[in-house]
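Scroll down for the structure; my scribbles are underneath it.
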Amino acid sequence: MRVVFVIGTSTGGVGTHVRALARELTAAGHEIGVIGPAATDEHFGFSLLPGVRFAVLELGTGIGVGDAALVRRQRTLLRSFAPDIVHAHGFRAGLITLLTVRTLRTRPRFVLSLHNQASGQGMRGKVETQVETMLARGADLVLGASTDLVDRARQLGAHDARFLPAAAPQVEQIPAEAAAATRATLAADFGFDEGALIVLAVGRVAPQKNYPMLIRALGRLGEGDGALGRLGEGEATPATGRADERSQSASVVVLIAGAADESVLAEVRAQYDRLSSASAIPDLHFLGARDDVAELAAAADVYVLTSVWEARALVLQEALKAGKAIVATATGGTPELVGDAGILVDDDDDRALAEVVAELAVDPARRAELGRRAVARGAELPDEREVAEELVGIYTELGPAQVG
């Protein structure tokens, strides 16, 4: 089978997913091509995968007059690949691919994967809905990385819409000694006590991740009569309904690992500085982009995800497999991914987040329990090869390309 994946600008989960599919399908004997921006190839190394053909198409991020040239370029590329299936990932890649496929005499089956929800407001929102509708109705098959995306595609008129997870890469198991060494290094580098509760958040500093919610929660933890203080007195938490009888609270330090949109980072830093100037709130450190996330996770005590929305976050899957105590917002596909293997709070509910972190800070048994649940849930998740095999079965159902 000849398959071409089309991908736009990516530095995270979508690129990781497509790379895994390209690698696994090629290993299974299929002919695979990938079309996308040069920067995406540089980040994920598609052109370095054995047997994978990569071609540059600078898709950009917005609709414009240059789209006609993109369609012409992609038409030439698809004619040279002669694929049975063209599988686009995301709205931008999907739009250009749909327009291109419609110009071909022999039309490959067009599959669209949705990894994010449209979030535009006002006129932009109306345009996005029009594009969503055109894509849903124009694709032979729409695949959603979470069931809410599948439901959305069906509502917009998709002929066939199904759920297909994006699997996380294999998680490296970090020995206890290495985790302790990472913890000691972090404590020395950032000046906190090795016995502090380390709360780790992994993800780009961008609006979707909603780090302002996390900052507000830290502010609540630093209030004189705030969450940590009340828990020390044995008050039940709204988030869990459990009381803690301990008389002293633990110190907390928060680490955020990920690249940043500089303007968003500046706003979040300023928000933190304002709160920290008014009270002694937990320390916060931005680590930037890291290549040692597995080590950071092993050293951390609690993993937090405050996103406004996620389909099936790879970082959450990695946290599950690593056995972390997880606290996440109950949005998108997160509830179906995490289940009871973590604590879920409402979107943007900083009070609930503060209460949960406060409880976990003084309850190592609860953290250990959540860690065990996480490992069990992580073991149930499909791996990259299993997802690729499922996808090949779906491709086979679609049948041959059409002439028309």
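The values are calculated or read from the model by the stated rules, or taken from the named source; none is laboratory data. All of these numbers come straight from a predicted model, not from anything done at the bench. Positions of Cβ are generated from backbone atoms using ideal geometry, with glycine treated the same way; all protein chains shown enter the neighbour counts. Surface accessibility is based on the protein's heavy atoms, side chains included, excluding ligands, DNA and RNA. Shrake-Rupley method; radii C 1.70, N 1.55, O 1.52, S 1.80 Å.
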Principal axes of segment 350-404: Cα extent on each, largest first, Å:
65, 26, 11
Within-11-Å neighbourhood charge of ALA299 [Cβ basis; K, R +1; D, E -1]
-2
Non-local residues with an amide H under 5 Å from the amide H of HIS87, with H modelled 1.01 Å from N and Pro and chain starts lacking one, are VAL4, PHE5, VAL6, VAL111
May I ask for the equivalent-ellipsoid semi-axes of segment 137-221, computed as the square root of five times each C-alpha gyration tensor eigenvalue and listed largest first in whole Å?
41, 20, 9
Report relative contact order for the chain in percent, whole number only (criteria: Cα-Cα under 8 Å, sequence separation at least 6).
16 percent
Would you list the P(r) distribution for segment 1-81, with all Cα-Cα distances sorted into 10 Å bins from 0 and each bin expressed as a whole %?
19, 51, 27, 3
Two-decimal Rg to Rh for segment 306-374 - Kirkwood Rh, Cα set
0.95
Most mobile of GLU223, GLU177, GLU386 per a Gaussian network model of the chain (Cα springs, under 10 Å)?
GLU177
Rg [Å, one decimal], Dmax [Å, integer] - segment 68-140, C-alpha atoms:
12.8, 40
Under a Gaussian network model of the chain whose springs join Cα atoms within less than 10 Å, the largest fluctuation of PHE192, PHE91, PHE54 belongs to PHE192
Once the Cα gyration tensor of segment 2-46 is diagonalised, semi-axes √(5λ) in Å
18, 10, 8
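Using Cα pairs under 8 angstrom and six or more residues apart, how large is the relative contact order of segment 55-122, in percent?
This gives 33 percent for segment 55-122.
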For segment 327-337, in order, what is each residue's ³J(HN,Hα) by Karplus, 6.51 cos²θ - 1.76 cosθ + 1.60 with θ = phi - 60°, in whole Hz (x at glycine and Pro)?
10, 9, 6, 7, 10, x, x, 5, x, 6, 6
Among LEU320, LEU77, LEU255, residue whose mean-square fluctuation peaks in a GNM of the chain (springs only between Cα atoms under 10 Å)
LEU77
Place a +1 charge on the Cβ of each Lys and Arg in the chain and a -1 charge on the Cβ of each Asp and Glu, then give the dipole magnitude about the Cα centre in debye, rounded to the nearest 20.
1940 debye
So, relative contact order of segment 299-358 in percent, Cα under 8 Å, 6 or more apart, is 34 percent
Per residue, how much space in cubic angstrom lies within the convex hull of the C-alpha atoms of segment 253-404?
166 Å³
Specify which residue in the list GLY51, GLY138, ALA297 is farthest towards the positive end of the charge dipole of the chain, using unit charges on the beta carbon of Lys, Arg (+1) and Asp, Glu (-1), about the Cα centre.
GLY138
Report the normalised scattering of the chain as log10 I(q)/I(0) at q = 0.13 Å⁻¹, calculated by the Debye formula with identical scatterers on the alpha carbons.
-1.08
Surface share of carbon and sulfur [accessible, 1.4 angstrom probe, percent] for the chain:
50 percent
Amide H proximity to PHE54 below 5 Å, modelled H, separation 5+ or other chain, gives VAL34
Hey, what do the phi angles of segment 359-364 turn into as Karplus ³J(HN,Hα) couplings, whole Hz, using 6.51/-1.76/1.60 and θ = phi - 60°, x for Gly and Pro?
5, 5, 4, 10, 9, x
Segment 252-392 - charge dipole about Cα centre, Lys and Arg +1 at Cβ, Asp and Glu -1, debye rounded to 20
420 debye
Average accessible surface area per residue within the chain, 1.4 Å rolling probe, Å²:
43 Å²
Based on the mean of other Cβ atoms within 10 Å per residue, sort peptides 261-270, 158-167, 93-102 so the most packed one is first.
93-102, 158-167, 261-270
Quick check of the Kirkwood formula: for segment 75-198, what is the inverse mean of 1/r over all pairs of different Cα atoms, in Å?
17.6 Å
Apply the Karplus parameterisation 6.51 cos²θ - 1.76 cosθ + 1.60, with θ equal to phi minus 60°, to every residue of segment 122-131 and state each ³J(HN,Hα) to the nearest whole Hz, in sequence, with x for glycine and proline.
x, 4, 4, x, 5, 5, 4, 5, 5, 5
Amide H partners (placed H, <5 Å) of LYS324, local residues excluded
none
